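Participant: Here it is: the structure, laid out below.
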Amino acid sequence: MTLGVCMVGAGFWANQMHMPAFQRIADARVIRVVSASEESARRLAEAYGVPTWGTDLGAALADPAVDVLDIVAPPDVHRDAVVAAARAGKHAICIKPLARNVAEGEEMLAAVATAGTRLLYAENVPFIPAVQEMKRLVDAGHIGEVFRVKASEGIGRPHSSWFFDQTRSGGGAILDMAVHSLEFCRYFAHSEIASVYADGGTFVWAQEMAAEDTALLTVRFANGVLGQCEDSWSLVGAMDSRFEVFGTGGRILVEKRPGSTWLSL
């Protein structure tokens, strides 16, 4: 059986990440593209050989060949698309952040629970090959007992103007970037979060947005592990992507650099 996928969104993540990934999956095929504009939907569809495109999500959900929505649109689309998919009996994959706020997220979860469909949250950090290797080494005991985890995710500017519109994005660097850092820390702490202290400010993009462009989070996990998250849209002229795990017998670091990824133990 081949899974029929409808791609919702035709921007950066659809073009650069999800569409190429689906082309490598033998039992899944993107058969429709839905976007805010006919032109963007057409460009993506033609670039990847998708037969049907448009702006009507309802028409896509009415297509019996569509099994799942892959939602790679801005956060203001997420709730409505997931709820509509659930009501149509379709599953949904949704990129981060899951929703603009807790209420929207809970509405999405309630919709799929009622419908008996699935909502898959597309967090990518645990699946980075170097992070997978890091996990193998840590789980094998090479750095002893883990007591501290740290992640840093920084860019100079978001790739699209909608990030600066909080009615669409739902927030700033915490909602956009720290979701990755928090998931990395949780993944290696092997525990759920017990408490968080967060601080932030708007230093570089204050004239364009009210939300934070820089944030620091300190996390305490239920098992006692400490976590640190450094996340920003304010790293002018550079990019920062580092993941660290500290154990009683050593430290392991993964650092993503332009064109390469480094792992050191």
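Participant: Give or take rounding to whole Å, what are the principal axis extents of the alpha carbon atoms in segment 1-142, in descending order?
Facilitator: Cα extents, longest axis first: 53, 36, 30 Å.
Participant: Given H placed 1.01 Å from N in the peptide plane, which residues other than close sequence neighbours of Ala28 have an amide H under 5 Å from its amide H?
Facilitator: HN-HN under 5 Å from Ala28: Leu3.
Participant: In square angstrom, rounded to the nearest 10, how much accessible surface does Tyr121 have for a 1.4 Å probe?
Facilitator: 100 Å²
Participant: Okay, moving on. Go ahead and set up a Gaussian network model of the chain, Cα springs under 10 Å, then flag whichever of Ser234, Ser40, Ser152 fluctuates most.
Facilitator: Among Ser234, Ser40, Ser152, the largest GNM mean-square fluctuation belongs to Ser40.
Participant: Evaluate the charge dipole of the chain about its Cα centre and quote only its size in Debye, nearest 20, assuming +1 on the Cβ of each Lys and Arg and -1 on the Cβ of each Asp and Glu.
Facilitator: With only Lys, Arg, Asp and Glu charged at Cβ, the dipole is about 580 debye.
Participant: Expressed in nm to one decimal, what extension gain is obtained for the pair Met1 and Ala113 from 0.36 nm per residue of sequence separation less their Cα-Cα distance?
Facilitator: 37.9 nm
Participant: Output the 0 to 90 degree angle, nearest 10, between the alpha-carbon long axis of helix 38-48 and the longest principal axis computed from the alpha carbons of the chain.
Facilitator: 70 degrees
Participant: Keeping all protein chains in the complex and leaving out DNA, RNA and ligands, what accessible area do you get for Phe147 with a 1.4 Å probe, in Å² to the nearest 10?
Facilitator: 100 Å²
Participant: Among [x] 15.1; [y] 17.4; [z] 18.3, only one was calculated for this model; which label is it, if the read-out is mean projected area of the Cα convex hull in nm²?
Facilitator: [x]
Participant: So how much slack lies between Asp56 and Ala103, counting 0.36 nm per residue of separation and subtracting their Cα-Cα distance, in nm?
Facilitator: Computed gain between Asp56 and Ala103 is 14.4 nm.
Participant: Which distance in nm do the two modelled labels at Ala47 and Arg29 give, with both placed 7 Å along the Cα-to-Cβ direction?
Facilitator: Result: 2.2 nm between the two label points.
Participant: Apply the Karplus curve 6.51 cos²θ - 1.76 cosθ + 1.60, θ = phi - 60°, to the phi angles in segment 158-164 and return the couplings in whole Hz, x for Gly and Pro.
Facilitator: x, 7, 9, 5, 5, 4, 7
Participant: Heavy atoms of the protein only, probe of 1.4 Å, neighbouring chains included. What is the accessible area of Phe203 in Å², nearest 10?
Facilitator: Looks like 150 Å² after rounding.
Participant: Let me ask another. Out of Glu230, Glu104, Glu153, any idea which swings most in a Gaussian network model of the chain, alpha carbons joined below 10 Å?
Facilitator: Comparing Glu230, Glu104, Glu153 in a Gaussian network model of the chain, the most mobile one is Glu104.
Participant: Report, in whole Å, the centroid distance computed from the Cα atoms of segment 196-221 and segment 36-76.
Facilitator: Value for the Cα centre distance between the two parts: 34 Å.
The values are calculated or read from the model by the stated rules, or taken from the named source; none is laboratory data. These numbers were taken from a predicted model, which means no experiment stands behind them. Note that each Cβ is placed from the backbone with ideal geometry, even for glycine, and that neighbours are counted across all protein chains shown. Ligands, DNA and RNA are stripped out before the accessible areas are found, and what is left, the full protein with its side chains, is counted by its heavy atoms. Shrake-Rupley method; radii C 1.70, N 1.55, O 1.52, S 1.80 Å.
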